[in-house]
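Below is one structure; the comments refer to it alone.
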Amino acid sequence: MKKEKYDLIVIGAGHAGCEAAYQAALNKRDVLLLTINLDSIAFLINSFVVFDENDMKYLRELKKGHALTAKVLEETKFFDGELFHSREVRPIILVDTREYFLKIKSEIERVSYINLRQDMVVDIVKKDKNWLVLSKFGHEYLSTNLIICCGSFLSGQYKMGKDVGFAGRYGEIQAPEIRDFFIRSKIKLKKTSLSTLPIIEQRDLPEERFLPLENKIKNGMTMFFFKSIYKNKKMLILIGPQGRSNSYLTLKELDSKIETREKLKFLTRLNGFFKFKIVRPGYILNHEYIEPSQIIPTLEIKNHQSLFVAGEISGPKSFLQCAYEGFVAGSNVSCETIRSEG
Amino acid sequence: MKEFDVIVIGAGHAGCEAALAAARMECSTLIVTINLDKIALMPCNPAVGGVGKGHLVREIDALGGEMGKNSDATYMQIKTLNSSKGPAVQAPRAQTDKKAYEDRMKKVLLNEKNLFLKQALVTEIIVEGNEAKGIKTKSGEKYYGKTTVLTSGTFLRGKIVIGHVEFPAGRAGELPAEELSFNLKRIGLELGRLQTATPPRAHKRSIDFSKMKPQPGDEGETSFSFFATKKKRAQELCYLTYTNRNTHQVVHKFLHLSPIKTGIISEHGPRYCPSIDRKVINFPEKEAHPVFVEPEGFRTEEMYLQGLTTALPPYVQQEIVETVPGLERAWIMRPGYAVVYDHIKPYQLRPTLETKIIKNLFTAGQINGTTGYEEAAAQGIIAGINAALKAKGKPSFILGRDEAYIGVLLDDLVTKELDEPYRMFTSRAEYRLILRADNADIRLSHYGYKFGLLTEENYKKVREKAQKIGNLINRFKIENVIPAELDEKLVKIGLKPLRAGVKIADLLRRPEINYMLIKNLRSGFKKIEDGIWKQIELEIKYEGYIKRQFEQIERYRKMEEWKIPVDFDFSSLKNVTFEAKEKMNRFRPQSLGQASRIAGVSPADIAVMMIYLKQLQTKDRRTKTGTWHGEKE
């Protein structure tokens, strides 16, 4: 069997994984980037990528560091605006989800230090000072550093009405073996859940009932918002296109203080009112994450040298925060390797 | 909840055509897919067309389908295959941009006004009595439809196999449809199991193209669709390299790990698209097999390694790939894999693709045991048209073997026992000279127009073209060429000069003469497009053969017209072999023609049947009872 040695292995090609691999490659580290499905890397469930000041902060940092995420976001955004809500100004940026994926994939493929491959990890073993990653199909990969960015794939379980199943994302099979590695390494996991909102059709949408938001981008697209009160809590629903090339609209609510279940209930009621044509229903995803107190600021795990984690694997985060963590982990790995060589 | 006219399950190539046809026929149509991001996906090579398959695409286009237009809009390379061979086997073939193909098709679906798209996993066909009423999804919703078209491809109890590893999946990384498969069995359909596989993809950067032969596209204006305006576009290169003895040695060395040897795969795969393992086993004398290295898209570095299909473990795949010139340092991005899936045995279908036992349930595509995007799309459009016709209470639409490759495909499916995925070839059609790729519009667009799938404007263009061809052929049969006009040219290319005036038609009939020679002869000729010239030349050159095929069709038509009653008791036949009775009971042919094409039914059996049917018919005419196929039920 073939053994291949890399400076870094990144497991998972989501937003954190792609950015981590890209940063390490910029520093001339040999990177192996593994994904369960090459057709859904850098996957955005909806087109809203910025909706508060925190996100803007991450975006500024990423721009400063010439991150791939910031670059592609700039190229694929079709809405850039502001919204006054809860006594503050909220920045709103939307990107074309499909374009975003295609561009990231294409950029990643063109970096000569990144080796991208579709594979499934079944085991991770520390061997001397290296990490040995075993794949389901018999590959053995060896590396100095390891970044795990498998997002919500740790014991992922989705719920959509009566439909309950195991999946990292809806429609995709999960990878249970990475969880076993964490348990064996005495890394504590916690449970959490996240929700995705439905995608609706633009046809017959009563646009007059919504308020349009001003777009800073010339020839950009329009998006709408809608304010409501549910159980004495203010709800703000944003409705925006999924991309330039299709007529889907994606829903996004701004107040995340409301519990997932409540959100969906509210939406059902809203739906009864507006008669949305739902193309893709929203769903709840329960998954496990790494208890963040075990992670040091470089995103390395305490007592596990050269093992990094980034993105939603350490708790629910916004898209840009995931990318930012990938950026941090990827950059730190490069420093680590340089230091150990020096 | 409101009832739809047509529900389509699955948004692959069959599903898209079925849904578009139904929606364009003014039926409110619902299309459900397991994943909205995977519409019209080409999980294998993003190539459309080829010999036999290209014919199907042209026919789909003539009927008003989308596949041809979609391929034209998204190809990276297009060429006419077999352009040096006879007219019957020439066909267009395109390498498309995989992602662009998906995106455009999705856009077309979204812009169709009677079509509604939904993401859901279907677990059940709702059947009441023996009629399909709608579908139930995994999340518990129900949707009702007058007719339902099932196009679930390889997702029925799909299982992926790579080396010794197997896991349930419809396509790599995606959930299979488990419950639906059991549901279909429960409602009484017989399922079989088939297998198909795909080769590994390699990174462009890691390939040394200098060791391969570039394969450019056509320089002319080749296209699939008859109706789009033709535009020349920049094309990408494909490359050709070959396997060698080393490759075959590596395959042999690891053959014991191949799923076809270990027994993990016992199902039949497509014979004409064999894996490298199969090729090495079956053709030990061959020292080299071609490997085409083809791009998967303008914006991706993934390259498809056509000819290296295998489900051996990925580290073996790596070793195999490395033996091929130019691929020594290849980086495999996705491993090749095999997928095993349930399919519906197609003898249970009518030529309209409606199942015989469940009314209003149609099935189309890979689920019926075929392979290939084109075969799937062809069934899709037929199932879509028929589902729409049925929902509106109109008589059904069946294409004959003498009308189209699609007719051949459907007739083969309902009369032949399938033990491997069915793929279209020109050799499957007996009237090849008539069913050409270049005249599909003239053959079929009247149907497309009748059903409202083609615009009047497009249909008029076809009529005008047909008329123009007819007029010119008649003119050429009268008009003479005099030696002075042509002799100089003839001598130049080494042919004998004419001795006297010759009719243009007689000149074109000569095998060594092609239309290029006379294209510029008269001032009026210049206006005639190349496509029309080609057809005129073919029609004249092969006039004798074409006439003979038409005569044959007439002879056989009589057999097709001998209808067999729906409730005919085949086992009551005397003087018919036991095998023939058994087979006919299973396939339940609707005409004598269909019966004659079932393997195991001999001409003698047909003769007996004929006498029997004659008696029945005279009796029937007297009593006016019994239902006949083809009549309104």
Checklist line | For residue A:165, residues with placed amide H under 5 Å, excluding near neighbours | finding: A:158
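Checking a compactness column here: for the protein assembly as shown, what do you get for Rg(Cα) / (2.2 N^0.38 Å), N being the number of residues?
Ratio of Cα Rg to 2.2 N^0.38 Å: 1.02.
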Notebook entry, point to check: Rounded to the nearest 20 Debye, what is the dipole magnitude of chain B about its Cα centre when Lys and Arg each give +1 and Asp and Glu each give -1 at the C-beta?
Noted result: 1220
Note to self: Just to verify a number: FRET efficiency for residue A:63 and residue A:192, C-beta to C-beta distance, R0 = 30 Å, to 0.05?
What the structure shows: 0.55
Item checked: Residue among B:110, B:149, B:70 farthest towards the positive dipole end of segment B:51-153, charges placed on Cβ -> B:70
Margin query: Over chain B, what is the relative contact order in percent, taking alpha-carbon pairs closer than 8 angstrom and at least six residues apart?
Written below: 16
Check: Sorted by average packing, counted as other Cβ atoms within 10 angstrom per residue and highest first, what order do B:533-546, B:36-49 take?
Finding: B:36-49, B:533-546
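Tell me the net charge near residue B:51. Cut-off is 10 Å between Cβ atoms, residue B:51 excluded, with +1 for each Lys or Arg and -1 for each Asp or Glu. Kindly include the intermediate steps, with their values, before the conclusion.
Values: positive: B:53, B:85, B:93; negative: none.
Neighbour charge sum, excluding residue B:51 itself: +3.
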Checklist line | Interchain or long-range residues, amide H under 5 Å from residue B:174's placed H | finding: A:173
Checklist line | Spacing of the two label points (7 Å from each Cα toward its C-beta) at residue B:489 and residue B:271, in nm | finding: 4.6
Notebook entry, point to check: So what are the ³J(HN,Hα) numbers for segment B:554-567, from phi and the Karplus equation (6.51, -1.76, 1.60; θ = phi - 60°), rounded to whole Hz, Gly and Pro as x?
Noted result: 4, 4, 6, 4, 4, 5, 5, 6, 6, 7, 10, x, 4, 9
Check: Projected onto the charge dipole of chain B (+1 at Lys/Arg Cβ, -1 at Asp/Glu Cβ, origin at the Cα centre), which of B:34, B:14, B:602 gives the Cα projection farthest towards the positive end?
Finding: B:602
Next item on the list: Give the relative contact order (percent, whole number) for chain A; include only Cα pairs under 8 Å separated by 6+ residues.
Entry: 24
Next item on the list: Can you work out the accessible area per residue across segment B:278-342, with the rest of the protein chains kept in place, probe 1.4 Å, in square angstrom?
Entry: 31
Next item on the list: Give the Kirkwood hydrodynamic radius (Å, one decimal) of segment B:474-513, defined as one over the mean of 1/r across all pairs of different Cα atoms.
Entry: 10.3
Checklist line | 29 Å Cα-Cα reach of residue A:233 towards lysines, excluding residues that sit fewer than 8 places from it in its own chain | finding: A:57, A:159, A:162, A:190, A:191, A:252, A:257, A:263, A:265, A:275, A:277, A:317
Note to self: Can you list residues from other chains, or at least 5 along the same chain, whose modelled amide H is less than 5 Å from the amide H of residue A:85?
What the structure shows: A:90
Next item on the list: Return the whole-Å distance between the Cα centroid of segment B:400-430 and the Cα centroid of segment B:209-260.
Entry: 26
Notebook entry, point to check: Any idea what angle helix A:319-341 forms with the longest principal axis of chain A, computed on alpha-carbon atoms, 0 to 90 degrees, nearest 10?
Noted result: 20
Item checked: Karplus (6.51, -1.76, 1.60) ³J(HN,Hα), θ = phi - 60°, over segment B:263-271, in Hz, Gly and Pro reported as x -> x, 5, 10, 10, 6, 7, x, x, 4
Item checked: Highest-fluctuation residue, A:228, A:40, A:152 considered, GNM on chain A with Cα pairs under 10 Å -> A:228
Next item on the list: Rank A:32, A:51, A:72 by how far each Cα sits towards the positive end of the charge dipole of segment A:4-100 (+1 on Lys, Arg Cβ; -1 on Asp, Glu Cβ) and give me just the farthest.
Entry: A:32
Margin query: Could you order the peptides A:279-287, B:398-406 from most to least packed, using the average number of other C-beta atoms within 10 Å per residue?
Written below: B:398-406, A:279-287
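How would you order B:178-189, A:300-311, A:323-334 from highest to lowest mean count of nearby Cβ atoms within 10 Å?
Working: B:178-189: 18.0, A:300-311: 20.9, A:323-334: 27.2.
Averaged packing, sorted descending, gives the order A:323-334, A:300-311, B:178-189.
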Checklist line | segment B:462-590 - percent relative contact order, Cα under 8 Å, separation 6 or more | finding: 19
Check: What is the dipole size for segment B:1-154, taken about its Cα centre, with +1 at each Lys and Arg Cβ and -1 at each Asp and Glu Cβ, in debye to the nearest 20?
Finding: 380
Check: Using a ≥ b ≥ c from the Cα gyration tensor of segment A:47-112 (square roots of the eigenvalues), is it rounded, prolate or oblate, where a/c under 1.5 gives rounded and otherwise the larger of a/b and b/c decides, a/b for prolate?
Finding: oblate
Note to self: Net charge around residue B:378, counting only other residues with Cβ within less than 10 Å of its Cβ (Lys, Arg = +1; Asp, Glu = -1)?
What the structure shows: -3
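Checking the table B:79/B:492; A:64/B:99; B:79/B:279; B:468/B:541; A:77/A:218 against a 20 Å threshold on Cα-Cα, which pairs fail?
On the way: B:79/B:492 30 Å; A:64/B:99 32 Å; B:79/B:279 27 Å; B:468/B:541 18 Å; A:77/A:218 11 Å.
Pairs exceeding 20 Å: B:79/B:492; A:64/B:99; B:79/B:279.
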Notebook entry, point to check: What angle, in degrees between 0 and 90 and rounded to the nearest 10, separates the Cα long axis of helix A:260-274 from the longest principal axis of the Cα atoms of chain A?
Noted result: 40
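Considering only Cα-Cα distances, which of the following residue pairs are longer than 24 Å: B:69/B:547; B:85/B:519; A:103/B:211?
Listed pairs above 24 Å: B:69/B:547; A:103/B:211.
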Notebook entry, point to check: Which whole-Hz ³J(HN,Hα) couplings does segment B:400-416 yield from phi under the Karplus relation 6.51 cos²θ - 1.76 cosθ + 1.60, θ = phi - 60°, glycine and proline marked x?
Noted result: x, 5, 8, 9, 6, 4, 4, x, 4, 4, 5, 5, 4, 4, 8, 10, 10
Next item on the list: Could you calculate the contour length gain from residue B:419 to residue B:516, that is, 0.36 nm times the residue separation minus the distance between their Cα atoms, to one decimal place in nm?
Entry: 30.3 nm
Note to self: Taking 18 Å as the cut-off for C-alpha to C-alpha distance, list the pairs among B:345/B:583; A:105/B:38; B:390/B:563 that go past it.
What the structure shows: B:390/B:563
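So for B:245, B:299, what's the accessible-area order with a 1.4 Å probe, most first?
Correct descending sequence by accessible area is B:245, B:299.
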Checklist line | Candidates A:251, A:270, A:44: whichever shows maximal mean-square fluctuation once chain A is modelled as a Gaussian network with Cα springs under 10 Å | finding: A:270
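If R₀ is 60 angstrom, what is the calculated FRET efficiency for the pair residue A:219 and residue B:585, using the beta carbon separation as r and rounding to 0.05?
Values: r = 66 Å, r/R0 = 1.10.
It comes out at approximately 0.35.
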Notebook entry, point to check: What angle, in degrees between 0 and 90 and rounded to the nearest 10, separates the Cα long axis of helix A:53-64 from the longest principal axis of the Cα atoms of chain A?
Noted result: 50
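So how strong a dipole does the protein assembly as shown carry about its Cα centre when Lys and Arg Cβ are +1 and Asp and Glu Cβ are -1, to the nearest 20 debye?
Values: 151 positive and 120 negative charges, 290 e Å.
Charge dipole, the protein assembly as shown, about its Cα centre: 1400 debye, nearest 20.
The values are calculated or read from the model by the stated rules, or taken from the named source; none is laboratory data. Since this is a predicted model, take the numbers as computed values, not measurements. In this analysis, Cβ positions are derived from the backbone assuming ideal geometry, glycine residues included, and neighbour counts consider all displayed protein chains. For accessibility, only protein heavy atoms count, side chains too; no ligands or nucleic acids. Shrake-Rupley method; radii C 1.70, N 1.55, O 1.52, S 1.80 Å.
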